[in-house]
Amino acid sequence: MHDQNPVFIPGPTNIPDRIRRAMNTPTLDHRSPDFAGVLKPVLDDLKKVFKTAAGEILIFPASGTGGWEASVTNTLSPGDKVLVARYGMFSHRWIELCQRHGLDVEIIECTWGTGAPADRFASRLAEDSRHSIKAVLATHNETATGVRSDIAEVRKAIDASSHPAMFYVDCVSSLASMDFKMDEWGVDIALSGTQKGFMLATGMAIVAASEKAIEATRQASCPRCYFDFGEMLAATKKGSFPYTPTVQLIHGLRASLDMLFEEGLDHVFARHFRIAEGIRRAIAAWDMRLCAESPDLYSDTVSAIYVPDGFDSDELTNHAYNTYRVSFGIGLGEMAGKAFRIGHLGSMTDVMALSGVAAIEMAMKDLGYPVEPGTGVAAAQRYYRETVQTN
Ligand SMILES: *Cc1c(COP(=O)(O)O)cnc(C)c1O
């Protein structure tokens, strides 16, 4: 029965039964009009989630990492300069991917636990009077540290010097859980995946590209084949794919979009905030500290929590799994051994969140943490009781 326990890793997330059933379909000929009838509305509806009218949606069989690769190779050339801040494991991996594609990556180093530094972007862009910087890259939600960055502020930093650089945003662990406004924030490439806010199995990268980004594909000379934007757009316009698509996942995505719209995106975001806030109350009751340095940076999809000095966070997550069969996120990169993560995104309720808080309390007690079981649960319960909507 242990497989009925929810996971508290920040992706892949729990898959609702409705979405699992939607993926259990017989083979559908992907060159048939029936497939086109499924694909086209899914692409249109994804625009509503990215909040873009003018952007184009591309879905590739891949995970989020494939979305990075597709974005970079389709719109940039080896030697192109990109400006990016490193403040966690995911921004770090994106940097590495750019370097391996031969880009000239200028890195702004930031303390892990902080977010995209709009002011430092602004001053660097203002200095770049020859406009050698082709793109600015930001990770909306840094999943390693539980930090949400202010993307609108980064946009303002670019606009402050009227810099023509394109703006790319990784929204893998924020889209469909926290508000994202592609058009309003002037984002040229936004990329996500299926296994986080969309509550689906892993297997597709979802990319939204602005007209400017599509235009840039004409000049971009990074080699690409499988991830070619042009071939993908030409095919999806006709309701098909340049190769065999992940048909079952696209059925699942249909169900996911239906669930998100039935709840209403604003309600989805409010639910994520409320669940996250209850968990933050629990963390405060334990007298433990988030990696995110200030409340404006708190992520509503994942909380990264420092363990007290002298404790090893890997031992805690291993113990929780081996003893209670509940998965929590480990500390990544600089946070290895020092912090664990509670993923609270996607298919998640207050009641599920309480079970995660209770389970990690048991694990902490077993390992001699200075935490009294029940204190975090009580703090979260109090908050959930105060904020519950009854209708
Ligand atoms: C999960 C994630 C990714 C992509 O990882 P995949 O394992 O390739 O799906 C990228 N960026 C962020 C912020 C993520 O959370």
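The values are calculated or read from the model by the stated rules, or taken from the named source; none is laboratory data. All values derive from a computational prediction rather than experimental measurement. Reconstructed Cβ throughout: ideal geometry from the backbone, glycine too, with neighbour counts over all protein chains shown. Heavy atoms of the whole protein, side chains included, go into the accessibility calculation; ligands, DNA and RNA do not. Shrake-Rupley method; radii C 1.70, N 1.55, O 1.52, S 1.80 Å.
The residues of the range 149-191 that are in a helix (DSSP H, G or I) and of a type in the set (Val, Ile, Thr), listed by number, are Ile151, Val154, Ile158. When Leu39 is tested against (1) closer than 20 Å to Ser240 by Cα; (2) over 20 Å from the mean Cα position of the chain (by Cα); (3) open to solvent by 40 Å² or more (accessible area, probe 1.4 Å), only condition (3) is not met. Checking Asp300 against (1) open to solvent by 60 Å² or more (accessible area, probe 1.4 Å); (2) in contact (Cβ under 8 Å) with a residue 40 or more places away in the chain, which test does it fail? Among (1) open to solvent by 60 Å² or more (accessible area, probe 1.4 Å); (2) in contact (Cβ under 8 Å) with a residue 40 or more places away in the chain, the lone unmet condition for Asp300 is (1).
Filtered by the rule that a residue be assigned to a loop (DSSP other than H, G, I, E, B) and free of Cβ contacts under 8 Å to residues at least 24 places away in the same chain, the range 9-45 gives Pro26, Asp29, Ser32. Within the range 132-154, the set of residues being within 16 Å of the ligand (Cβ to nearest atom) and either at pLDDT below 95 or among the charged types (D, E, K, R) (or both) comprises Glu142, Arg148, Asp150.
Checked against the criterion of being open to solvent by 10 Å² or more (accessible area, probe 1.4 Å) and among the aromatic types (Phe, Trp, Tyr), the candidates Phe229, Phe241, Phe269 yield just one match: Phe269. Quick check: is even one residue across the range 373-382 assigned to a helix (DSSP H, G or I), under 24 Å from the mean Cα position of the chain (by Cα) and surrounded by fewer than 16 Cβ atoms within 10 Å (Cβ to Cβ)? Within the range 373-382 (the criterion being assigned to a helix (DSSP H, G or I), under 24 Å from the mean Cα position of the chain (by Cα) and surrounded by fewer than 16 Cβ atoms within 10 Å (Cβ to Cβ)), the answer is no, since none of the residues qualifies.
For Ser327, are the conditions met, namely being open to solvent by 10 Å² or more (accessible area, probe 1.4 Å), among the hydroxyl-bearing types (Ser, Thr, Tyr) and touching a strand residue (DSSP E or B) at 6+ places or on another chain (Cβ under 8 Å)? Spelling it out, Ser327 is indeed open to solvent by 10 Å² or more (accessible area, probe 1.4 Å), among the hydroxyl-bearing types (Ser, Thr, Tyr) and touching a strand residue (DSSP E or B) at 6+ places or on another chain (Cβ under 8 Å). Taking the conditions (1) within 28 Å of Arg341 (Cα to Cα); (2) buried (at least 18 other Cβ atoms within 10 Å of the Cβ) in turn, Asp287 satisfies each one other than (2).
Within the range 347-358, is even one residue part of a loop (DSSP other than H, G, I, E, B), open to solvent by less than 40 Å² (accessible area, probe 1.4 Å), closer than 30 Å to Arg18 by Cβ and not hydroxyl-bearing (Ser, Thr, Tyr)? Yes, some residue in the range 347-358 is part of a loop (DSSP other than H, G, I, E, B), open to solvent by less than 40 Å² (accessible area, probe 1.4 Å), closer than 30 Å to Arg18 by Cβ and not hydroxyl-bearing (Ser, Thr, Tyr).
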